[in-house]
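The values are calculated or read from the model by the stated rules, or taken from the named source; none is laboratory data. Computed from a predicted model, the values in this text were never measured in an experiment. Cβ placement follows ideal geometry from the backbone for every residue including glycine, while neighbour counts extend to all protein chains displayed. Protein only, heavy atoms only, side chains kept; ligands, DNA and RNA dropped before computing areas. Shrake-Rupley method; radii C 1.70, N 1.55, O 1.52, S 1.80 Å.
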Amino acid sequence: MTNDMAKRCSHEGVVAGAKAAAVATIATAIPTVASARMLPWARTYLNHTAQALIISTVAGAAYFIVADKTILATARRNSFEKSSVSDMEE
């Protein structure tokens, strides 16, 4: 039963992390690409590789932060539920 809970916790974390990464990618890509087209400094220094690096770094950070928080919150919630069930059995 514990293994089932661990799989469910990690699955919820993966799904939440993927959603956050998708939102972060769009939220970062639009201003990054727009500034690389409009601002002279950005046009000079932000080539396609730099733009991709900025966007992917933000997406990766969003994924890991949200996945970690979701897994911990789910585990905490399951821990409280399990302790309340064991309190009822006593």
- Query: Taking 0.36 nm per residue of separation and subtracting the Cα-Cα distance, what length does fully extending Arg37 through Lys69 add?
  - Reply: 8.0 nm
- Crossing angle, helix 48-89 versus the chain [Cα axis fit, 0-90 degrees, rounded to tens]: 10 degrees
- Message: Can you give the FRET efficiency to the nearest 0.05 for Ile30 and Phe80, using r as the Cβ-Cβ distance and R₀ = 41 Å?
- Response: 0.55
- Task: Give the relative contact order (percent, whole number) for the chain; include only Cα pairs under 8 Å separated by 6+ residues.
- Result: 46 percent
- Query: What do you get for Rg/Rh over the chain if you use C-alpha atoms and the Kirkwood form of Rh?
  - Reply: 1.30
- With -39,500 (n - 2.57) per DSSP H segment of 4 or more residues and division by the full residue count of the chain, the 222 nm estimate, nearest 500 deg cm²/dmol, is -34000 deg cm²/dmol
- Task: For the range 1-43, would you read off the P(r) tail past 11 Å as a percentage of all alpha carbon pairs?
- Result: 70 percent
- Item | Simple label model, 7 Å out from Cα along Cβ direction - Leu53 to Val15, nm | 3.6 nm
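Could you do me a favour and compute the accessible area per residue for the chain, 1.4 Å probe, result in Å²?
73 Å²
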